[in-house]
Amino acid sequence: MLVLKDIKFDAYNEGKKVEIIKGISLTLEPGKLYVITGPNGGGKSTLAKIIMGIEKSTSGEIWFEDQNITDASITERAKLGIGYAFQQPPRFKGIKVRQLLNLSAGHKVDCRNCKNSLVEVGLCTQDYINRDVDTSLSGGELKRIEIATLLNRTLKLALFDEPEAGIDLWSFTKLTETFSKMHEKKEGTIVIISHQERILELADEIIMVSEGLVQRQGPKDEILPTILMGPNCYCDFTKGGKPGYDCVR
């Protein structure tokens, strides 16, 4: 179980303090799939980075499986079973896909498992297993390879920051199938940051974050109908009732 207690995060722009996260408290239960959604700039990605330890919260506490990890490093959190997939994954010159999968797992991965994880994200093993993880890969290819590295690990908490970004429709369909299969196993908590309705449909619970706060949270069947509006599937995250962003059906 992951528990966030009054998490706040401040940044500074030209010496002026900007409140990015203004006090978020959440409890995420094992075996559930959560989708965090909301308008751009609302604090979603920052919150995920704080959970992973990439960013340090200004105040508040983070507890994971009854252990206070507020001051734990990224490495310590990874060893506890927390994994993170970036919105824009890094490139690694001189490292091949096979090596990256081995490194992510922390041991030499059976080739059959490597193949399975690549296939699950829509990549042909023969074409990619010996490719370099460098600029020769497109953004979409790199995103799918990164997600495959998480599939090679036994995670208690998997964080995915907008996994649909930069990939084609066919690959997006494969990813939604992969998330669905991961959830069916009930082996850990899954948190996906997304604007996409097809990913929102996978959620047990939807968490709407806007202006650094949790605006709404609840079961998918309760929350999703209230945020899908009109023929363009606009989502309302403001008190004034103005549309926030388009959802792809």
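Only the coordinates and a few stated rules stand behind these numbers; no lab work does. Given the structure is predicted, the values throughout are model-derived calculations rather than measurements. Virtual Cβ from ideal backbone geometry, glycine too; neighbours counted across all protein chains shown.
Tell me, what is the percent relative contact order of the chain, built from C-alpha pairs under 8 Å that lie six or more residues apart? List each step's numbers first, then the result.
Details: 483 pairs, mean separation 62.6, N = 249.
Relative contact order, the chain: 25 percent.
Quick one: among Gly212, Gly41, Gly15, which has the greatest mean-square fluctuation in a GNM of the chain with alpha-carbon springs under 10 angstrom?
Most flexible of the set in this elastic network: Gly15.
Calculate, for Asp6 and Leu228, the FRET efficiency according to 1/(1 + (r/R0)^6) with r their C-beta to C-beta distance and R0 25 Å; round to the nearest 0.05.
Working: r = 30 Å, r/R0 = 1.22.
Efficiency computed from Cβ-Cβ geometry: 0.25.
Can you bin the stretch 64-105 into rounded, prolate or oblate? Criterion: square roots of the alpha carbon gyration tensor eigenvalues sorted a ≥ b ≥ c, rounded for a/c under 1.5, prolate for a/b above b/c, oblate for the rest. List each step's numbers first, then the result.
Numbers: a/c = 3.03, a/b = 2.20, b/c = 1.37.
In terms of gyration-tensor shape, prolate.
Evaluate the charge dipole of the stretch 64-182 about its Cα centre and quote only its size in Debye, nearest 20, assuming +1 on the Cβ of each Lys and Arg and -1 on the Cβ of each Asp and Glu. All intermediate terms of the calculation are to be shown ahead of the outcome.
Values: 16 positive and 16 negative charges, 104 e Å.
In total the dipole reaches around 500 debye.
Enumerate by residue number the GluC sites (Glu not before Pro) in the stretch 160-204 meeting two conditions: DSSP loop (anything except H, G, I, E, B), and at most 15 other Cβ atoms within 10 Å of the site's Cβ.
On the way: sites: Glu164, Glu177, Glu184, Glu187, Glu197, Glu201; in loops: Glu164, Glu187, Glu201.
Those that pass, being in a loop and sparsely packed, are Glu187, Glu201.
What number, rounded to the nearest 500 deg cm²/dmol, is the helix-based mean residue ellipticity at 222 nm of the chain, given -39500 (n - 2.57) per DSSP H run of at least four residues and division by all its residues? Show your work: numbers first, answer last.
Working: 9 runs with 80 residues, N = 249.
For the chain, the value works out to -9000 deg cm²/dmol.
Nothing charged except the Cβ atoms of Lys and Arg (+1) and of Asp and Glu (-1): what's the magnitude of the dipole of the chain about its Cα centre? Round to the nearest 20 debye.
Working: 33 positive and 34 negative charges, 113 e Å.
Taking the Cα centre of the chain as origin, the dipole is about 540 debye.
Picking from Ile207, Ile227, Ile51, which is most flexible by a Gaussian network model of the chain using Cα springs under 10 Å?
Ile227
Mean-square fluctuation check for the chain, GNM, Cα pairs under 10 Å: which of Asp134, Asp66, Asp204 is largest?
Asp66
Net charge around Asp221, counting only other residues with Cβ within less than 11 Å of its Cβ (Lys, Arg = +1; Asp, Glu = -1)?
Numbers: positive: Lys220; negative: Glu201, Asp204, Glu205, Glu222.
Result for the local shell: -3.
Over the residues of the chain, compute the C-alpha Rg and express it relative to 2.2 N^0.38 Å. Walk me through the intermediate numbers first.
Details: Rg = 18.1 Å, N = 249, 2.2 N^0.38 = 17.9 Å.
The value comes to 1.01.
Rounded, prolate or oblate: pick one for the stretch 1-134, where a ≥ b ≥ c are the square roots of the eigenvalues of its C-alpha gyration tensor, a/c under 1.5 means rounded, and failing that, prolate if a/b is larger than b/c, else oblate. Display every interim value, and only then the final one.
Details: a/c = 2.24, a/b = 1.77, b/c = 1.27.
Prolate, since a/c reaches 1.5 and a/b exceeds b/c.
Under 20 Å Cα to Cα from Lys181, which lysines show up? Leave out anything in the same chain fewer than 8 places away.
Within the straight-line cut-off, Lys181 pairs with Lys32, Lys115, Lys143, Lys156, Lys220.
Counting only C-alpha contacts under 8 Å and six or more residues apart, can you give the relative contact order of the stretch 1-141 as a whole percent?
Relative contact order here is 20 percent.
For the Cα atoms of the chain, what angle does the longest principal axis make with the long axis of helix 169-185, in degrees from 0 to 90, nearest 10?
Result, in degrees: 80.
Local charge sum around Thr46 (other residues, Cβ-Cβ under 14 Å, Lys/Arg +1, Asp/Glu -1)?
Details: positive: Lys8, Lys22, Lys44, Lys49, Lys56; negative: Asp10, Glu19, Glu55, Asp161, Glu162, Glu211.
Every neighbour counted, the sum reads -1.
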